[in-house]
Amino acid sequence: MKAPNLLRGFNFLYFALLAMFISFLPVYLDVQGLTKSQIGFIIGTGGFVTLFAQPLWGMISDKTKSIRKILLILLMFSTIVGYLLYDASSYPMLIMLAMLLYFFLMSVDPLTESLNFSVAESHGTSYGSIRTYGALGYAVAALLTGYVISYFGEKSLGVMFAAFGVISFVIAWIMPDAPTTGKPVTLKSLKHFISNKETLLFLLLVFICSIPARMNDTFLGIYIRELGGSTELVGIAFFLAAGSEIIVFALSFWWMRKGKELLIISFAAAFYFLRFFVSAWITDPHMLAYLQILQLLTFPIFYTAAIQYLYRIVPVEWRATGQTVLALLFFGVSGIIASYVGGALYEGFGGQTLYLSIAAVSFCGVLFGLVLYMKYGKRLSVNEET
């Protein structure tokens, strides 16, 4: 079997594991009787773990000149810890196991992306043709997990997680390796990267827009259940969200316009605002689940445009550093704040206030994105045309 096909299968399985972890950990913790603040604390602290775990394993991979060997180690421990996590019920044990899974499982993501780029380049295929299977795996697993929990109970999630983990380990075992090519993140390179004003303002825009997105990712499942929805419906909601991303990622070559990235980011932020504002007033859990189809016009558009804009404003030698910083900012730092603040806000004032708050933050992102487009975007458009 050719390397790209093996890697497509691995992407499907790994992102399926992410769906069981990211989308359903809050739901599992809620079923175990934890408060919204306790759930926010666990997920927020996991964000701190990710901040140092991903660069750490990246440096180990660079040192050993191997991605596959590190993936095998991470997957082995992720499978064991994930099974134990979804069999635990005490608060201290849930905290410890969740932190370990953040340490191992979330560190697989940047290594997988590096492998995707390397294999795609060496085999003359597109990165999107491989990465699309990740979105497909996330969507399928989200839908399947909701039904499994509904019919067999929340403890069945541990068995399902372990099964996917074992299969992904086997696929990783037979996959060909690829040497690491990106430069490790250093304080010196980071200083050079963030010294530019335009870069700082762009990262601030990403930060503003990512906090509402991460709050929704964390508390959507809990809110659906609070409105009377089942775990099946939670699975359907995340299936619709992840499934809608597939076609957008696949057709990014068609809709993305160079020089218009900030305008496109503002467009995505506007739909984030609409999505969260409407969510605040919905009382039917089914309608809230179906509303997640608006993911089609939010995350994939926002993140694709953000990566392309980043690659346009930073020197070539800092692109690896820039992509790492962007990922840590969107999935790490913003996730920490979203979990801590979102948990306290949800517990103190309820789901409606939470969604009205993040809608307001998204609207600020729209305005800020348009301001940056007026300042920098038009210049880039003119340069592109000339």
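Tell me, please, whether a residue that is touching a Ser or Thr at 6+ places or on another chain (Cβ under 8 Å), under 23 Å from LEU72 (Cα atoms) and not assigned by TED's automatic domain parsing to the domain that holds GLY228 can be found in the range 18-31. Don't jump to the end; show me each part of the working.
Here is the first cut: in the range 18-31, the ones touching a Ser or Thr at 6+ places or on another chain (Cβ under 8 Å) are 19-20, 23-24, 26-27.
Filter once more, keeping what is under 23 Å from LEU72 (Cα atoms): 19-20.
Filter once more, keeping what is not assigned by TED's automatic domain parsing to the domain that holds GLY228: 19-20.
Yes, that holds for at least one residue.
Given the options LEU326, LEU354, name the one that is in the same structural domain as PHE273 (by TED's automatic domain parsing), crowded, with 16+ Cβ neighbours inside 10 Å and at pLDDT below 95. Reasoning before the result, please.
Values: LEU354 fails: at pLDDT below 95.
Selected residue: LEU326, the only one of LEU326, LEU354 that is in the same structural domain as PHE273 (by TED's automatic domain parsing), crowded, with 16+ Cβ neighbours inside 10 Å and at pLDDT below 95.
For the range 85-111, enumerate the residues that are more than 18 Å from ALA16 (Cα to Cα), assigned to a helix (DSSP H, G or I) and of a type in the set (A, V, I, L, M, F, W, C). Steps first, answer last, please.
So the first thing to find is which residues in the range 85-111 are more than 18 Å from ALA16 (Cα to Cα), and the list is 87-97, 99-100.
Checking the rest, the ones that are also assigned to a helix (DSSP H, G or I) come to 91-97, 99-100.
Once the filter is applied, which keeps residues that are more than 18 Å from ALA16 (Cα to Cα), assigned to a helix (DSSP H, G or I) and of a type in the set (A, V, I, L, M, F, W, C), the range 85-111 yields MET93, LEU94, ILE95, MET96, LEU97, MET99, LEU100.
Hey, could you check the range 45-84 for residues that are part of a helix (DSSP H, G or I) and among the polar types (S, T, N, Q) and say which is surrounded by the fewest Cβ atoms within 10 Å (Cβ to Cβ)?
Keep residues of the range 45-84 that are part of a helix (DSSP H, G or I), which gives 45-64, 68-84.
Keeping just the survivors that are among the polar types (S, T, N, Q) gives 45, 50, 54, 61, 64, 78-79.
Values: THR45: 17, THR50: 24, GLN54: 24, SER61: 25, THR64: 12, SER78: 28, THR79: 22.
Here the answer is THR64.
Okay, residues lined up against (1) under 21 Å from PHE10 (Cα atoms); (2) under 21 Å from the mean Cα position of the chain (by Cα):
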site	(1), (2)
ILE42	no, yes
LYS69	yes, no
MET76	yes, no
TYR102	yes, yes
LEU115	yes, yes
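Tell me yes or no: at least one residue of the range 33-44 is assigned to a helix (DSSP H, G or I), under 17 Å from ALA172 (Cα atoms) and not assigned by TED's automatic domain parsing to the domain that holds TYR340.
Narrowing the range 33-44 to residues assigned to a helix (DSSP H, G or I): 36-44.
Remaining after also requiring under 17 Å from ALA172 (Cα atoms): none.
No, because not a single residue in the range 33-44 is assigned to a helix (DSSP H, G or I), under 17 Å from ALA172 (Cα atoms) and not assigned by TED's automatic domain parsing to the domain that holds TYR340.
Considering LEU100, LEU72, which residue is touching a helix residue (DSSP H, G or I) at 6+ places or on another chain (Cβ under 7 Å), assigned by TED's automatic domain parsing to the domain that holds SER23 and either of a type outside the set (A, V, I, L, M, F, W, C) or under 15 Å from LEU7 (Cα atoms) (or both)?
Values: LEU100 fails: either of a type outside the set (A, V, I, L, M, F, W, C) or under 15 Å from LEU7 (Cα atoms) (or both).
Criteria check complete, one pass: LEU72.
Here are some residues: ILE307, ILE264, ILE293, ILE246. Which one is in contact (Cβ under 8 Å) with a residue 60 or more places away in the chain and β-branched (Val, Ile, Thr)?
Working: ILE307 fails: in contact (Cβ under 8 Å) with a residue 60 or more places away in the chain; ILE264 fails: in contact (Cβ under 8 Å) with a residue 60 or more places away in the chain; ILE293 fails: in contact (Cβ under 8 Å) with a residue 60 or more places away in the chain.
Every option except ILE246 fails the conditions.
The values are calculated or read from the model by the stated rules, or taken from the named source; none is laboratory data. Model, not experiment: these values are computed from the prediction. All Cβ positions, glycine included, derive from the backbone under ideal geometry; neighbour counts span all protein chains shown.
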